[in-house]
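Engineer: Sharing a structure, written as structure tokens. Questions coming.
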Amino acid sequence: MSSHRTAYIAFPTRADPSLTVAGKLRIPAATAPMGAVLICHGSDGVDGRGEFHAPALNEAGLVTLEIDMWSARGTARGAAARPSSPISTLPDAFAALAFLRAQPEVRPDRVGILGFSWGGVVSLLASAGRFAEKYGAGAPPFAAHAAHYPVCWAFLKNPAFALEDLTGAPILLQTGDADTYDTPGAGERLAERLRARGEAEIESVTYAGAGHGFDRDLPAQTINDPFAHEGAGGPVLMAFDPEAAVAARSRLTSFFRRALA
């Protein structure tokens, strides 16, 4: 694996009131400016999912920045303590985009975003032109979006999350058909709705037997979340699926390599 250097950084967001968000920046050893990927965690905070994918992205010649949206707000990990909506953390993502663009190692027109669950919602919301315009301060939007199990039903049923004005950047959606936030096929239904708009390239993959957090390499955990079961609430099993996780990492790396090369 290629060498890289790590830096722990912090930057102000465009939230009101302003917050300071910290993150872990990994820069591959290279002489020319590179593409970069912002990594946004799920409701459980920074829990290892970013670390599962970041080395492969670095090996592909991409800078990575994983941010901690919860510490900035003084919130605990988990569904009970998170903010009321992922929309409230969009300023974090767009401030991180501005931070990455300012780094000499990064090509400013080649910054993508990856998110898990809550962070996956953030990644997809950032592909909407209205949010890019509101939080992007007039700068170009993200160049690519990847979302792992982003609670797909919310985009299909909640008007606040509607993706009706895509920026045109490509989107990769990876889900499991045993994810109890959704019903089986929700990922592909969302992808088909986005494809029908004809505004962006949409790639969708559903892994058979994989549940929520299938790339979370930690002991299995059952959580209770009011957004589970299409908003009815209830238990969600998060269990590592090695086969799905490795396949998703490979597809993710190929997607960003193409989009950000």
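The values are calculated or read from the model by the stated rules, or taken from the named source; none is laboratory data. Model, not experiment: these values are computed from the prediction. Note that each Cβ is placed from the backbone with ideal geometry, even for glycine, and that neighbours are counted across all protein chains shown. These accessible areas exclude ligands, DNA and RNA; they are computed on the full protein's heavy atoms, side chains included. Shrake-Rupley method; radii C 1.70, N 1.55, O 1.52, S 1.80 Å.
Engineer: Which one of these is without any contact (Cβ under 8 Å) to a residue 40 or more places away in the chain, in contact with a helix residue (DSSP H, G or I) (Cβ under 7 Å, 6 or more places away or on another chain) and of a type outside the set (Phe, Trp, Tyr): Ala239, Ala220, Ala232, Ala210?
Structural biologist: Ala210
Engineer: Mind checking which residues of segment 210-239 are on the phi > 0 side of the Ramachandran plot and not in a helix (DSSP H, G or I)?
Structural biologist: Gly213, Gly233, Gly234
Engineer: Filter segment 5-28 down to residues that are in contact (Cβ under 8 Å) with a residue 24 or more places away in the chain, more than 23 Å from Ser88 (Cα to Cα) and either surrounded by fewer than 18 Cβ atoms within 10 Å (Cβ to Cβ) or aromatic (Phe, Trp, Tyr) (or both), then give me how many there are.
Structural biologist: Of the residues in segment 5-28, 1 are in contact (Cβ under 8 Å) with a residue 24 or more places away in the chain, more than 23 Å from Ser88 (Cα to Cα) and either surrounded by fewer than 18 Cβ atoms within 10 Å (Cβ to Cβ) or aromatic (Phe, Trp, Tyr) (or both).
Engineer: Output the qualifying pairs, or none if there are none: Cβ atoms under 6 angstrom, residues six or more apart or on different chains, first residue in segment 183-198 and free of Cβ contacts under 8 Å to residues at least 60 places away in the same chain, second residue small (Gly, Ala, Ser) and surrounded by 13 or more Cβ atoms within 10 Å (Cβ to Cβ).
Structural biologist: Gly187/Ser204; Glu188/Ser204; Ala191/Ser204
Engineer: Moving on to the next point. Out of curiosity, is Ser88 hydroxyl-bearing (Ser, Thr, Tyr) and assigned to a loop (DSSP other than H, G, I, E, B)?
Structural biologist: no
Engineer: Looking only at segment 29-73, count how many residues are in a strand (DSSP E or B) and open to solvent by 10 Å² or more (accessible area, probe 1.4 Å).
Structural biologist: Adding up the residues that qualify gives 3.
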